[in-house]
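Contents: one structure, followed by commentary.
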Amino acid sequence: MFPISHKQNLKIVFSLTGIVSLTLLVLTTITATAKIDSVLEVVPENAIAVIRAGNLKGFNQEVNKLAAKIDPNTDPKRDVLLDILKDLDKDETDFEQEDISEEARDWLGYAKIASPEEREGMTKSEKFQQLSPELQAEIEKGLEKLKSNDEPEKMEESDFEKLDVLETAWGMDLSQDAAVFLYQNSNDEDEDPLFSVAVHLADEQNFQKMLEKESVQTLEKKYSELSYQTLIAKEEGILQPVGYLVILEDVAVYSEDQGICHQVIDTYQQKVQSLLETSDFTAANLDLTSGLNDVVAYLAIQRLVKDNEQVLSDTFDKWLEETEDKNGLEILEGLLPNVQSWMQQVQSASLTFQHQDGEMLLTPSVQVVADSDMADFLQPIAEGNKSYPLLEYLPQNSGMAVSAYLDSQKIGDWMQWSMDFLFQVLGQLEAIDIPEDAASTVPEMIDAIASFYSCVEPRMVSSMTISSSVYPDSNQIYQIKDKGKLIQLLNDGSIPSIFGYQIYQMMGLATTQKSESDGIVETYQGVEIKSQLLLDMKNLPGIPGGDALKMLPDEIHFYHTIVGDLLILSTSGSSQAIKNIIDIVLGQDSGFDQSTGYSRMMKVLDTDGYMSMVLSPMRLINQVLAVLAQSDPNIGMIASMFAGVPETYSLAIGAAPKKNALEMRFFVSLMELKELYTMATAMGQIGGGK
């Protein structure tokens with residue numbers, strides 16, 4: 001027998017497909033032929049969300065393999081997927097909702113994230129012994145509740161110790177696709193969505209036998225000349241329905257709601273469309289057949305917004321009513337109308353997930369309403385060179401490299417909205433004294449930004465490197481379109497406006513006084529480099545003194561130069577960063593196109609898009625450690641420990657416009673991060689004295 005309620009147990013049987021939406025670890029897809037090719041063929045059109053996995057058996061195997069590779073101490077017999085599911089099913093103790101003293105709540109808040117050993121030590125501590133007996137009893141009662149939640153359920157071999165049981169005992173076929181789909185609960189706005197799941201069966205007889213074994217009675221009913229079953233079991237001593245089940249050819253569909261079973265039958269009989277056939281779902285252009293996408297998720301946002309307009313409005317009103325802070329209220333009043341407008345323009349959201357050999361690619365996408373403001377903003381980029389050729393001029397040792405498309409018209413509109421919101425937020429912060437007429441400078445800044453981007457081509461690249469201080473060197477490269485106009489902007493001092501120099505001044509983070517180093521012109525390799533002071537680090541509020549100050553540059557400057565048809569900008573503590581780029585442009589040093597980061601960017605990201613970025617965590621860590629080691633020899637020892645870890649670009653992000661959609665890509669190589677994880681864990685154990 002299961003140690004939990006029958007209804008919860010049936011949810012666990014079927015909800016193993018749902019776990020993919022929360023873990024998003026790794027999957028492999030095995031294409032299989034069935035009487036019903038895909039379970040999505042019987043998911044009704046008005047489902048609000050669906051999560052489809054191609055192969056749960058492969059999912060479980062890949063999760064276990066990956067866990068073992070990352071942490072060799074992982075039990076090889078462990079079913080990681082089931083462990084995660086048990087944790088999700090476990091009731092979490094919420095002390096915020098309980099009638100206990102504030103001090104006891106603070107103690108128990110720490111205890112929730114502490115290990116059993118740490119909890120035991122907590123009650124033996126001198127501080128705990130000094131508490132009143134009443135408070136001690138209150139805390140100990142909460143600790144007992146945490147302990148009972150942490151104790152593992154005892155399960156029989158035939159229950160859920162292994163995922164294989166669902167195939168061998170229950171007769172499911174987990175090598176074919178399965179899907180969880182959700183419906184809005186129309187009975188009560190506060191209720192959770194109605195849960196349903198569709199899965200292939202290999203042995204229907206075994207499936208029915210297991211229902212009987214678990215003392216689940218079935219009451220057969222008819223709908224549209226097809227049979228379905230009401231599942232009945234004892235809940236709290238009373239016989240009552242715990243779900244509904246319909247078997248269509250080799251697909252079993254379980255639902256919490258009888259009406260959904262009826263809709264599934266209607267969909268199977270083609271009386272209504274399946275979700276797979278709806279225009280909104282097909283517009284998402286999700287790949288379900290090639291085997292590349294291991295997990296696919298879809299959310300019908302527009303339907304949710306239309307069906308819940310009053311609920312959303314009431315929720316926003318409630319937030320405003322419950323916001324006691326005047327500053328927060330003003331921010332919400334300005335932000336919520338924009339949120340409502342955005343939600344009305346979003347048609348749907350989708351997500352795909354791919355895995356291979358520890359490398360994972362997550363691709364969320366937002367479909368917007370045709371002819372909306374969002375659709376206009378996201379319209380595909382005009383045809384042209386889309387391979388970001390300027391990447392070759394970035395430093396090869398860049399810790400982060402970015403390529404972007406910046407349309408002069410759209411960036412002006414976006415900056416206008418951003419600046420309005422920024423000043424609204426800054427105006428509410430008591431720690432920062434913003435002049436009352438601060439917003440009046442925004443038009444000048446927007447004009448400067450628009451003028452600048454009209455002088456350069458839309459595609460630009462930038463990089464970040466840690467060199468002589470912990471303040472990063474930030475570099476940007478543009479291809480010039482109107483050199484005469486650009487030189488005029490550079491000469492009249494408009495460049496700092498583009499980078500928000502006035503904002504720094506208003507916040508007290510930039511000096512208004514001239515520095516001896518301000519405006520210095522330097523010649524390097526026959527190229528003229530001009531500079532302008534941005535920040536005087538020695539006089540900034542909140543800057544630490546002592547050794548920490550030594551790791552910061554005395555001043556931060558804007559550096560700019562023109563080499564051929566390229567504009568090079570650098571924000572740094574010295575001119576060395578821009579000199580390095582000049583060497584690359586003149587062919588005297590290798591650029592980023594010779595880096596493994598460039599290869600990864602071209603391989604896994606959409607370089608036809610708005611933005612592509614790659615990041616090397618290990619390279620940035622080594623660069624920071626090298627700076628810290630200059631003032632602390634002990635850091636040098638730590639740096640030597642990390643020296644053998646490859647400086648790979650294990651993280652990547654991209655964004656690209658599609659037809660009425662914005663697609664994002666998030667890439668991570670867990671296997672490349674494994675050594676960093678192992679080293680950090682070892683250092684943590686050393687630091688903890690273990």
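Nothing in this text is a laboratory measurement; each read-out follows from the coordinates by a stated rule. Because the structure is predicted, anything quoted here is derived from the model rather than measured. Positions of Cβ are backbone-derived with ideal geometry, glycine not excepted, and every protein chain shown enters the neighbour counts.
Brief remarks on what is shown
- Most tightly packed first, judged by the mean number of other beta-carbon atoms within 10 Å of their residues, the peptides 660-667, 486-493 read 660-667, 486-493.
- Gln273/Ser227 FRET efficiency (R0 25 Å; Cβ-Cβ; nearest 0.05): 0.60
- Summed residue charge, Cβ within 12 Å of Asp413's Cβ, Lys/Arg positive, Asp/Glu negative: -3
- As a calculated quantity, the FRET efficiency between Gln240 and Asp75 at R0 = 51 Å, using C-beta atoms, amounts to about 0.85.
- Charge context of Leu670, other residues only, Cβ under 14 angstrom, K/R +1, D/E -1: -3
- Amide H partners (placed H, <5 Å) of Val242, local residues excluded: Leu231, Ile232, Ala233
- Applying a threshold of 22 Å to the alpha-carbon distances of Lys69/Lys603; Lys65/Lys674; Lys485/Lys530; Lys124/Lys147; Lys306/Lys658; Lys483/Lys659 flags Lys69/Lys603; Lys306/Lys658; Lys483/Lys659 as lying beyond it.
- On full extension, the segment bounded by Ser101 and Ile487 gains 132.3 nm, given 0.36 nm per residue less the C-alpha separation.
- Using R0 = 22 Å, the C-beta based FRET efficiency linking Glu214 and Asp192 works out to 0.40.
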